[in-house]
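Enquirer: Pasting a structure below so you can have a look.
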Amino acid sequence: MRAVCKYLRLARAFFCKKRALNLIKSLVAYSFRNPEARPFPVFIQIEPTNRCDLKCPLCLTGNSRLKRSKGDMGFESFKKILDELGDTAAYLVLYNLGEPLLNKDIFKMIGYAKEKRIYVRLSTNGYFNDMSVIKGLVKARLDELVVSLDCPDKESFLSYKGIDGFDTVKNNIKEIIKERGKKNTPFVSVQLLAMRQTENRVADFKKIAAGLGADRVMIKPVRVNFPGGHSSRQYLPIKARYIREAYKGKRKANCLRLWVSAGFLWDGSVVPCCFDMEGEQSFGNIRESAFKTIWNSQKYASFRSRSLHNPHAICRECSLVSIF
């Protein structure tokens, strides 16, 4: 039932007149491969912070290989993005690098997006000891929460994340679901990172998630090829079903994301997608320019045009499979 309610909320976010028309125009622009994407993005991804309290070796923040400075997005910058895009954007992803719940304004951000009837999804590592966080997530009317438990037991959690927090995260998931009660929000997904060390424990992980009362179990194939990262192949699964298509030599032809979505780093930089982890392809900054100017700039248009014929390295190495 909660899954049905989730998709109904998603449909309501998309199918108001202005957003539906913008979505159609975006798809038309993409179908003609027009590098000038006049319709605004339908999906937006905002990085509340790139700070994190865990030490995951396959994360640029966790393994301390991130070159750009660390910080939190202020609420005014967030508000400016939504004030410019709130009429046309229907889906907001509130995470990128870092742990979004570390941003002191995170509940205000969720609440402001919900005032604009935007569907909001947030991903967290779930490691916190402040129970007010749980009440905040429910009160803010967050639509979807992904908790990256990632490991099937205490030992693998400690080994991968560098902290003894397995039981803490499990307890927080249970408390979130308890606090939610009979409400339909947030829809709670619990994620397993499918890597060589965990791929044989999927059944065990599903039992754990079911015992916690999760609405969905997500099995996420590990990424090992991101630019500048810790590209250790020791984490790559053996089983083909858990290996991303990109690692099998398959590549997406033309990426829809450049026409229908935009990413914002914590400092306001506008980037093509979450795969530009260092912000090397920033098209401008929302603190300094109107988004319309950035979105329709020659630099952005050139990047879209290039993606059709000679994609940038971040596109060639991309292992993502969809918008969601």
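Enquirer: Calculate, axis by axis, the spread of Cα positions in region 1-68 along the three principal axes, and write the results as whole Å, longest axis first.
Expert: Ordered largest first, region 1-68 gives principal extents of 44, 41, 18 Å.
Enquirer: So, one more: Post the alpha-carbon centroid distance, region 166-187 to region 107-159, in whole angstrom.
Expert: Region 166-187 and region 107-159 have Cα centres separated by 9 Å.
Enquirer: Hey, got the dipole for the chain? About the Cα centre, +1 on K and R Cβ, -1 on D and E Cβ, debye to the nearest 20?
Expert: Details: 57 positive and 31 negative charges, 225 e Å.
I would put it at about 1080 debye.
Enquirer: Please compute the contact order of region 1-129 in relative form: average sequence separation of alpha-carbon pairs under 8 Å and at least six residues apart, divided by the residue count, as a percent. Please list the in-between numbers first.
Expert: Details: 174 pairs, mean separation 36.6, N = 129.
Reported relative contact order: 28 percent.
Enquirer: Among P48, V28, V93, whose Cα sits farthest toward the positive end of the charge dipole of region 22-136 (+1 at Cβ of Lys/Arg, -1 at Cβ of Asp/Glu, about the Cα centre)?
Expert: V28
Enquirer: Name the residue from V260, N63, F78 whose Cα lies farthest towards the positive end of the charge dipole of the chain, charges +1 on Cβ of Lys and Arg and -1 on Cβ of Asp and Glu.
Expert: Of the candidates, V260 comes out farthest on the positive side.
Enquirer: Sticking with this one: How much accessible area per residue does the chain have, counting only protein heavy atoms and a probe of 1.4 Å, in square angstrom?
Expert: Numbers: 14500 Å² over 324 residues.
On a per-residue basis, the chain sits at 45 Å².
Enquirer: With charges set only on the Cβ (+1 for Lys and Arg, -1 for Asp and Glu), what does the dipole of region 88-171 come to about its Cα centre, in debye to the nearest 20?
Expert: On the way: 12 positive and 11 negative charges, 112 e Å.
My answer is approximately 540 debye.
Enquirer: Next up: Note the per residue figure in Å³ for the convex hull of the C-alpha positions in region 173-243.
Expert: For region 173-243, the hull spanned by Cα atoms encloses 109 Å³ per residue.
Enquirer: In addition: For K79 and I163, FRET efficiency with R0 = 41 Å and r from the beta-carbon atoms, rounded to 0.05?
Expert: In this case the efficiency is close to 0.75.
Enquirer: What number comes out for the charge environment of S289, summing +1 per Lys or Arg and -1 per Asp or Glu over other residues with Cβ under 12 Å away? All intermediate terms of the calculation are to be shown ahead of the outcome.
Expert: Working: positive: K80, R287, K292, K299; negative: E84, E288.
Result for the neighbourhood of S289: +2.
Enquirer: Per the 1.4 Å probe, what fraction of the accessible area of the chain, in percent, lies on carbon and sulfur atoms?
Expert: Percent of accessible area from carbon and sulfur atoms in the chain: 54.
Enquirer: Also, I was wondering about something else. In 10 Å bins starting at zero, report the fraction of Cα pairs in the chain per bin as a rounded %.
Expert: Calculated P(r), rounded to whole percents: 6, 26, 35, 26, 7, 0.
Enquirer: Another question, then. Determine which residues of region 140-161 fall in the zone a paramagnetic label at R201 would reach in this model, i.e. backbone nitrogen under 18 Å from the point 7 Å along Cα→Cβ.
Expert: Counting backbone N atoms under 18 Å from the label point, the list is 147-161.
Enquirer: Holding the Cα-Cα limit at 26 Å, pick out from K17/K178; K70/K139; K17/K183; K18/K114; K116/K139 the pairs that are longer than that.
Expert: K17/K178; K70/K139; K17/K183
Enquirer: With contacts defined as alpha carbon pairs under 8 Å and 6 or more residues apart, what's the relative contact order of the chain in percent?
Expert: After rounding, I find 20 percent.
Enquirer: Further question: When 1/r is averaged over all different Cα pairs and the result inverted, which Kirkwood radius in Å belongs to region 8-126?
Expert: 15.6
Enquirer: So, one more: Take the alpha-carbon centre of region 258-278, take the same for region 287-313, and report the distance between them in whole Å.
Expert: So the separation of the two Cα centres works out to 11 Å.
Enquirer: Based solely on its DSSP helices, what 222 nm [θ] is calculated for the chain when runs of n ≥ 4 H residues each add -39,500 (n - 2.57) and the sum is averaged over all residues, nearest 500 deg cm²/dmol?
Expert: On the way: 12 runs with 116 residues, N = 324.
That comes out to -10500 deg cm²/dmol.
The values are calculated or read from the model by the stated rules, or taken from the named source; none is laboratory data. Here the structure is a predicted model, which means the values were calculated and not measured. Backbone-built Cβ (ideal geometry, glycine too); neighbour counts: all protein chains shown. In case anyone asks, the SASA skips ligands and DNA or RNA and just uses the protein heavy atoms, side chains included. Shrake-Rupley method; radii C 1.70, N 1.55, O 1.52, S 1.80 Å.
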